[in-house]
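**Q** I'd like to ask you about the structure that follows.
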Amino acid sequence: MASWYLRLRDPSGRDPLWGLVRVEVSDQPGASPKRIGERANEVSRWVLAEALPLALPDGRWDKMVYGIRDCEEFLRAIQ
């Protein structure tokens, strides 16, 4: 398991945690630090790509990637 924090939005003039998300991934047991770093970069690029378009008008938009908002909207619609 590897985890790191990724900043999705510029926090200028806001709380230091604004736009900050924690990302967790599993990797192969015994993976080298280089392999883990490569995987972290790859997943971070995916997450950053999903940060646009903005997940407005959700109050958590600074931390939410669009795909999660889409999923929540769908689940609300079928309940």
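**Q** Report, by residue number, each residue of the range 59-68 that is free of Cβ contacts under 8 Å to residues at least 24 places away in the same chain and either touching a strand residue (DSSP E or B) at 6+ places or on another chain (Cβ under 7 Å) or within 21 Å of Pro11 (Cα to Cα) (or both).
**A** Gly59, Arg60, Trp61, Met64, Tyr66 - these are the residues of the range 59-68 that are free of Cβ contacts under 8 Å to residues at least 24 places away in the same chain and either touching a strand residue (DSSP E or B) at 6+ places or on another chain (Cβ under 7 Å) or within 21 Å of Pro11 (Cα to Cα) (or both).
**Q** Have a look at Arg9, Arg14, Arg45 and point out the one that is exposed (fewer than 14 other Cβ atoms within 10 Å of the Cβ) and under 22 Å from Asp70 (Cβ atoms). Let's see the steps before the verdict.
**A** Working: Arg9 fails: exposed (fewer than 14 other Cβ atoms within 10 Å of the Cβ); Arg14 fails: under 22 Å from Asp70 (Cβ atoms).
The match here is Arg45.
Taken together, the values in this text are just the output of simple stated rules run on the coordinates, not laboratory data. Keep in mind the model is a prediction, meaning the values are calculated, not measured. Cβ atoms come from the backbone with ideal geometry, glycine included; neighbour counts cover every protein chain shown.
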